[in-house]
Structures are given as C-alpha cells and as structure tokens.
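Take a look at the structure set out below.
The values are calculated or read from the model by the stated rules, or taken from the named source; none is laboratory data. Keep in mind that this is a model prediction, so the values were computed, not measured. Cβ: placed from backbone, ideal geometry, glycine included. Neighbour counts: every protein chain shown.
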Amino acid sequence: MKKNLGLSFVFLLSSFFFSYAFGQTKLPAVIGSHMVLQQQSVAPIWGWARAGETVSVKPSWDSQVVSTVAGADGKWMVRVKTPAAGGPYTIEISGKKKTVLEDILIGEVWVCSGQSNMEMPLRGWPEWGGPIDNSAAEIAGANYPNIRLFTVPRVFADKPLDDCKGKWLACTPETIKDFSATGYFFGRELYKNLNIPIGLVFTSWGGTVAEAWMSEEFAATIPAFTTEPGKLDVQKFKAAKLEDFNKRQAEWAASIGFQPGDKAPEWAVKATADASWKEMPVPGEWSKTGIGAHTGLVDYRLVFKVPDSWVGKELVLELGPIDEMDITWVNGKLVGSHLNVSDWATNRVYEIPAGIVQKGDNILAVQVANTSGLGGINGKPEMLKISPKKSKKGQPLAGNWQVCKGGAFSLVKPMPDCVDCGEPNLPTVLYNGMIAPIVPFSIKGAIWYQGESNRYDGELYKKIFPKMIVNWRHDWNRGEFPFYFVQIAPYTYQDAYSTGLLREAQDFTMRTLPNTGMVVTMDIGNLKNIHPANKQDVGKRLAFWALAKDYGKKDVVFSGPIFKSFVREGNKIRIWFDYTEGGLKTDGKELKHFTVAGADHQFKPAKAVIEGNTVVVYSEQVARPEEVRFGWGSTDVTNLFGPSGLPAGPFRTDVR
C-alpha cells in the first residue's frame, strides 16, 4: 500500500509539473464540473499554477471577477460569494489558459464520514452477507440529478495531502449503487423536504478508529497518542505499539499452549500415529468432520513426496485460509505461522528454504488454534499445494490427512488487540489522506457513523471524539458547523469490551459540544450482523436533526427521549427524560433492559413502568436501589420510545 501511495505522489507531482510547464492551472479533484457549492456562503476556490501567475475566477451568477497571484509554491486561493440555491452555473478560471467548470449547482453540502456502517454502499455487501433493505428497488429509484455525489478514495498518508482522486457525479441508479447508503438516504430526505440541490462528499473507511481521522496538531494533545510530550511521530508510535503487541501476543499464545519455536513437537517429526489420530479429509470445517464443534487445538499431519527434481530447491507451500491461527512445520522445521485470530480469512503461503524437503517421505505438520467460529483448514481443495518457487505447476495436497483433536479452550482470555498498530488505524493517517484534500471546501456540516472500532476504550473516546469534531471545525474555519452522528447499534460482539462505555462517550459528546446531535439505533440493529440492513431509518434520523436544527422545520421531531435526571423514592427510582413532549410509550410489551443496584453496586434486572413522562423502576432483588442503568449491554434491544416512535437513548446514573 505504501508503494502505491508513493506512486500516487509521483503522479501528482508529475501532473503538477506538466500543468505548470504548459501554463495551465490545476484544481483539486473536489472542485470541478457538476459540483454543488454551499449556498449563501463565501466559498473557497483554490488550486495550483506557476509561481507569480495571476489567476482570475468568474462565476456566471456574478459579474464580479475575483483575482489572486499564485505563491512561490504555486498555490492560489480566492473566495467567491454564492447565491441562494439554484443553477446550473459555470465558473471560468483563467491563468495562462482558461478552464471552464460547467453544470455547477448551488445548494447544501454535507460530508459523510466514518467507518463501515457509513461506507456500506446502497447495493450492500451481498458477497459478505451484508444486504441493504430493499436495495434493488432503492437503486432503481435513485434518479435525482440535483443530488450530486463525490467519493474520496481510500488513502492513508503520514503527512497531509493536497489532493485526491475523484469527480462529482449526478445521482443515478448507476452512480449511487457504490455510494454510502446512509449518506444517500440522509441526502434524499433533505432533498425531498428542501427541494434544493444537495451535495454529498463521501469519505469513509471500514474498520477504522476515530483517531485516524484527526490531524497531528489535535491528536498530539491526547497523551495516549504522543511519542513525547505534546508531539506525535506516527512511525515511532507504530513501532512502540507493535513491540508491545508482539510481547502480549506471545504471552497469550503461550498461555494456551500455542507457541512457535525452533524445536518442533514430537508428533510433527514422526509419521507414526496412536489411536488418537484419525484419518480425515482436508480441507474441511471442523463441524463437518470428526472434530465437531470445537474451540481449541487440532494437529494435522501429512506424509508426502515430491519429484526428485524438486529436492534441494526452494519450494512454496500453500494451504489456503485457516480458521483461525496456525503453526506450520516441514520435516520439523518451522516454515511459517499466523498468530492472530483475525487471520482466519488469510491464505497461508509459506516459503520452504532449500534443503528442507528431501527425497522420499516428507512430513507436513500444522497445528491449528481456533477460539470461535468454524475452525480448521477450510479453503477449497485446489488451494492446497506445494510447488517450486516461481513455478505455476504445483503438486496437490488435498486429501486424507492424519488429524488429532487437542485440548479445548474452556477459559481462554481474549486475544490481545492492537488497534493502533498499523495503517489505516494509526493516528492522523486518514485525516491526512482523506480529509485534508477536501479542506476547506465549503460545506454546511457533517454526518458521522463510527465507533465500533473504538470500543477498545470507551473512556478514551470521550477525549478522542469531541476533539476530532473540534479539529474539523477548526480546519474548515466555518465556525461550529452542524455535526450529527449515529450511536452504535446492538450487536453480539465476541469480546469483553464495553459497548455501554462507547455509547456513553457518544452521548457525552452530544451533551458537551454545541451543534451536535446523536441518532439512537437501539431498535434497528442486528445482533448477528454488525452492519444492519436498515440504513433508510438511519439516514432519515440524521436528516431529522438537520431539518429541525438547520432548516427551520419546527414540526420535525429529531430525537427520542434522552436521560435528564432521577430521584430515589424508597424502593424505587423515578427517571425523567428530555424530548418527551407527548409522553412515553413502548412497543406494546413490558419495558426491558433496565437494571438497578444498591450500595453494593451489583446490578440486577429491574421492572419498569411508564408514569406520564417518567419511568419508574424497581427490583425485588434490590431493597434500596441507588443507581439505574438502561440499555447498557452490547446486545440490549430496547423498547422505550418517544411519541414519534424514536427510541430512548441508553444511559447509566453511576458515572464515576
């Protein structure tokens, strides 16, 4: 990836040089034909030209020409006043030669950013079991020529980039299918209510942390990301994180008896087998073989021969994907390993040094460790083979192997994580590659769907997320522009991290930063899919905030009940909420996912009933409740709503 990024730098520099040499001005990708400019604003128009060259900008909606001179570095910028929504218009940009931007609309421009739930396209990810509700019909109906789309490609960088690739496109069934579903439904809702052009700038990357979307200046104010007080060197940060992770990973592997070493276990060098070894077809999922459902170790062994002409040569061993981890030996020599549970989909390709494979019988031994899921060497048969290096001819290895079921992991500690160990999850690298190139393009505001990847430390997210928003507002220099975000939905996570703390950090951000708003999704998640299919309601709920707060739609209800206060009333607790005009309601069933605790801080399930605009909770297991929690668990699908049907936000009163 770094090599590709380096090539992109070379391309950009060479294109700049070519343009300057022939006296042409160059514009960033985000400024081009078919774009939407923010209405009634002072919109920056910028680019590059030869140093000292005069550049003039003339929009067709205004007779005034704005001019400037390119600096010593070739950069230039002007600001043009935009009218009320309308168009299409043109913009003439003149230096040594003239460039005309066509089909320019004036309207409302929003940035759509975050991780995979924002990135998830309208077509969904059917190949990974990730559909979007009613996707085909939604795509077919996406004919909105006055909604314009700009996609920032995935790029990470150690330093801020001046430009990106991409172009503005009108919304059609063809252009929308790979665009953010959440962003599209948000923009469509705005368009239907405002009937003016909408511009959507889509810049997202799945599985990423919020600190990756911060600039160095702001990330360096958070001690968790500094390499020395007040400073952040990204590569030094990465090296320190990797060193710590490798140590923790080795300790974890050793704790479950899974540790590569110079000396192979006895079973890996002897072809004889006792009754514990069974002959089984490989590849194959454990549940479909004699292993059965198993979390633990399984040993594999295969005796194989190679053509005499291969003996003494470097060979390549391919085993396909292994769920999850493996240590692999050939004739007792370690040839490769994967010790991360996230490697379950990685194809194993190991080089065998010359001299290891011998004439006659050879022993291939693979120890597999699985902590959850299918388990096993489970790719396609044709993926298992051995071949001379740089040769396309391989010898198949699929077939019957000797297999021995090892010990089960009854109490396995979770595999150590290393969230910030590399791109794209290092601090600053996505800000540099995917935000810096579009700043300071004139926008109305931003929507954000992210948080799952920051569950590793919900308390730290209370510092990261608000700081990131302040960071963006500072760099765009458009004041405290609206920033609306989605609280993460219920899901069955396979770890011990607290989803409650992360949601609390999101709630904290809404309460402490002006012009922010939070969409609650406790009712529309999917416990079996971290990417819920219902993005329509997510987009609409984001739009409700914008319509009510930014576009004067006073009749739009933008939030469900949000915790306000509580009082203790003997053996009960009474809770008040904001945004309860019209009362509270359920889905017709008893309220659920309330818990209470006494002075011992041991939370027990509680009964809850609605009384007017309040909820009263109590538990027979807690005589004098002191604290209450609601929707605190990762899998809590709640059923408390406001009168409009928007769900109540989760909370706890025991904040320490």
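What are the residues in region 249-294 that are assigned by TED's automatic domain parsing to the domain that holds V368 and within 34 Å of the chain's Cα centre (by Cα), if any?
P283, G284, E285, W286, S287, K288, G292, A293, H294
Of the residues that make up region 463-474, is at least one assigned by TED's automatic domain parsing to the domain that holds I222, modelled with pLDDT under 95 and more than 19 Å from the chain's Cα centre (by Cα)?
no
Can you go through G187, G166 and tell me which one is on the phi > 0 side of the Ramachandran plot and either under 23 Å from the mean Cα position of the chain (by Cα) or of a type in the set (S, T, N, Q) (or both)?
Result of the check over G187, G166: G166.
Can you tell me which of I573, I530 is outside the structural domain of N613 (by TED's automatic domain parsing), on the phi < 0 side of the Ramachandran plot and not polar (S, T, N, Q)? So that I can check it myself, show each step before the final result.
Values: I573 fails: outside the structural domain of N613 (by TED's automatic domain parsing).
Unique residue meeting the criteria: I530.
Yes or no, residue by residue, for (1) basic (K, R); (2) at pLDDT below 90:
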{"position": "K393", "(1), (2)": "yes, yes"}
{"position": "K405", "(1), (2)": "yes, no"}
{"position": "L411", "(1), (2)": "no, yes"}
{"position": "P416", "(1), (2)": "no, yes"}
{"position": "Y431", "(1), (2)": "no, no"}
{"position": "P440", "(1), (2)": "no, no"}
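Could you list all residues from region 558-585 that are under 32 Å from the mean Cα position of the chain (by Cα) and not hydrophobic (A, V, I, L, M, F, W, C)?
If the condition is that a residue be under 32 Å from the mean Cα position of the chain (by Cα) and not hydrophobic (A, V, I, L, M, F, W, C), then S559, G560, P561, K564, D578, Y579 are the ones that fit.
Considering only residues that are surrounded by 16 or more Cβ atoms within 10 Å (Cβ to Cβ) and more than 16 Å from C112 (Cβ to Cβ), which ones fall in region 134-161? Spell out how you get there, then give the answer.
At the first step, the residues of region 134-161 found to be surrounded by 16 or more Cβ atoms within 10 Å (Cβ to Cβ) are 135, 138-139, 142, 144, 146-152, 154-158, 160-161.
Within region 134-161, S135, E138, I139, N146, V155, F156, A157, D158, P160, L161 meet the criteria.
Which residues, counting only those in region 576-594, are surrounded by 19 or more Cβ atoms within 10 Å (Cβ to Cβ) and either in a strand (DSSP E or B) or outside the structural domain of N639 (by TED's automatic domain parsing) (or both)?
Result: F577, F594.
State all residues of region 251-290 that are surrounded by fewer than 12 Cβ atoms within 10 Å (Cβ to Cβ), part of a helix (DSSP H, G or I) and among the charged types (D, E, K, R); if no residue qualifies, say none.
E266 - this is the single residue of region 251-290 that is surrounded by fewer than 12 Cβ atoms within 10 Å (Cβ to Cβ), part of a helix (DSSP H, G or I) and among the charged types (D, E, K, R).
Tally up the residues in region 301-331 that are on the phi > 0 side of the Ramachandran plot and either among the hydrophobic types (A, V, I, L, M, F, W, C) or at pLDDT below 95 (or both), please.
Residues that pass the stated criteria total 1.
Any residue that is under 18 Å from K263 (Cα atoms), among the hydroxyl-bearing types (S, T, Y) and crowded, with 19+ Cβ neighbours inside 10 Å - is there at least one of those in region 321-344?
yes
I'd like the full set of residues that are acidic (D, E) and in a strand (DSSP E or B), limited to region 291-316.
Start the filter on region 291-316 by keeping residues that are acidic (D, E), which leaves 299, 308, 314.
If the condition is that a residue be acidic (D, E) and in a strand (DSSP E or B), then D299 is the only one that fits.
Pick from region 533-549 the residues that are out of contact with any strand residue (DSSP E or B) (no Cβ under 7 Å at 6 or more places or on another chain) and not hydrophobic (A, V, I, L, M, F, W, C): which of them is surrounded by the most Cβ atoms within 10 Å (Cβ to Cβ)?
K535
Of the residues that make up region 181-199, is at least one β-branched (V, I, T), in contact with a Phe, Trp or Tyr (Cβ under 8 Å, 6 or more places away or on another chain) and under 25 Å from N432 (Cβ atoms)?
Yes, because at least one residue in region 181-199 is β-branched (V, I, T), in contact with a Phe, Trp or Tyr (Cβ under 8 Å, 6 or more places away or on another chain) and under 25 Å from N432 (Cβ atoms).
Can you pull out the residues in region 551-569 that are surrounded by 19 or more Cβ atoms within 10 Å (Cβ to Cβ), in contact with a Leu (Cβ under 9 Å, 6 or more places away or on another chain) and not hydroxyl-bearing (S, T, Y)?
Listed by number, the residues that qualify are F558, G560, P561.
Taking C164 as the residue in question, decide whether it is surrounded by 16 or more Cβ atoms within 10 Å (Cβ to Cβ), over 23 Å from Y484 (Cα atoms) and assigned by TED's automatic domain parsing to the domain that holds P197.
It is true that C164 is surrounded by 16 or more Cβ atoms within 10 Å (Cβ to Cβ), over 23 Å from Y484 (Cα atoms) and assigned by TED's automatic domain parsing to the domain that holds P197.
Between V470, V403, which is surrounded by fewer than 19 Cβ atoms within 10 Å (Cβ to Cβ) and in contact (Cβ under 8 Å) with a residue 40 or more places away in the chain?
V470
Any residue at all in region 453-461 that is of a type in the set (D, E, K, R), over 24 Å from D158 (Cβ atoms) and either buried (at least 19 other Cβ atoms within 10 Å of the Cβ) or out of contact with any Lys or Arg (no Cβ under 7 Å at 6 or more places or on another chain) (or both)? Break it down into steps so the answer makes sense when it comes.
Quick first cut of region 453-461, residues of a type in the set (D, E, K, R) only: 455, 457, 459.
From what's left, over 24 Å from D158 (Cβ atoms): 455, 459.
Right, trim to either buried (at least 19 other Cβ atoms within 10 Å of the Cβ) or out of contact with any Lys or Arg (no Cβ under 7 Å at 6 or more places or on another chain) (or both) and you get 455, 459.
Yes - at least one qualifying residue is present in region 453-461.
Out of all the residues in region 523-573, which are farther than 18 Å from F630 by Cβ, among the basic types (K, R) and either in contact (Cβ under 8 Å) with a residue 40 or more places away in the chain or in a strand (DSSP E or B) (or both)?
K535, K540, R541, K549, K553
How many of the residues making up region 486-522 are out of contact with any strand residue (DSSP E or B) (no Cβ under 7 Å at 6 or more places or on another chain) and not in a helix (DSSP H, G or I)?
13
Exactly one of these conditions fails for L200: (1) aliphatic (A, V, I, L, M); (2) buried (at least 22 other Cβ atoms within 10 Å of the Cβ); (3) in a helix (DSSP H, G or I). Give me its number.
Here L200 meets the rest and fails (3).
For K359, which of the numbered conditions (1) modelled with pLDDT of 90 or more; (2) surrounded by 15 or more Cβ atoms within 10 Å (Cβ to Cβ); (3) not in a strand (DSSP E or B); (4) not polar (S, T, N, Q) fails to hold?
In the conditions (1) modelled with pLDDT of 90 or more; (2) surrounded by 15 or more Cβ atoms within 10 Å (Cβ to Cβ); (3) not in a strand (DSSP E or B); (4) not polar (S, T, N, Q), K359 misses (2) alone.
Considering region 419-431 alone, what residues qualify as being in a loop (DSSP other than H, G, I, E, B) and either within 15 Å of the chain's Cα centre (by Cα) or on the phi > 0 side of the Ramachandran plot (or both)?
Once the filter is applied, which keeps residues that are in a loop (DSSP other than H, G, I, E, B) and either within 15 Å of the chain's Cα centre (by Cα) or on the phi > 0 side of the Ramachandran plot (or both), region 419-431 yields V419, D420, G422, E423, P424, N425, L426, P427, T428.
With the requirement that a residue be under 23 Å from the mean Cα position of the chain (by Cα) and either assigned to a helix (DSSP H, G or I) or farther than 12 Å from T428 by Cβ (or both), what does region 227-237 give you?
V234, Q235, F237
Could you please give the count of residues in region 432-485 that are in a strand (DSSP E or B) and farther than 17 Å from R511 by Cα?
Matching residues across region 432-485 total 3.
If you take just the strands (runs of 3 or more DSSP E) that sit entirely in region 595-656, which of them hold at least 3 residues that are free of Cβ contacts under 8 Å to residues at least 60 places away in the same chain? Show your work before the answer.
Details: elements: 607-611, 614-618, 627-630.
Correct list: 607-611, 614-618.
If we scan region 83-92, do we find a residue that is surrounded by fewer than 21 Cβ atoms within 10 Å (Cβ to Cβ) and touching a Gly at 6+ places or on another chain (Cβ under 7 Å)?
Yes: region 83-92 contains one or more residues that are surrounded by fewer than 21 Cβ atoms within 10 Å (Cβ to Cβ) and touching a Gly at 6+ places or on another chain (Cβ under 7 Å).
Tally time: how many residues in region 39-69 are under 17 Å from K97 (Cβ atoms) and assigned to a strand (DSSP E or B)?
11
Taking the criterion of being within 22 Å of K159 (Cβ to Cβ) and not hydroxyl-bearing (S, T, Y), would at least one residue in region 242-255 satisfy it?
Checking region 242-255: at least one residue is within 22 Å of K159 (Cβ to Cβ) and not hydroxyl-bearing (S, T, Y).
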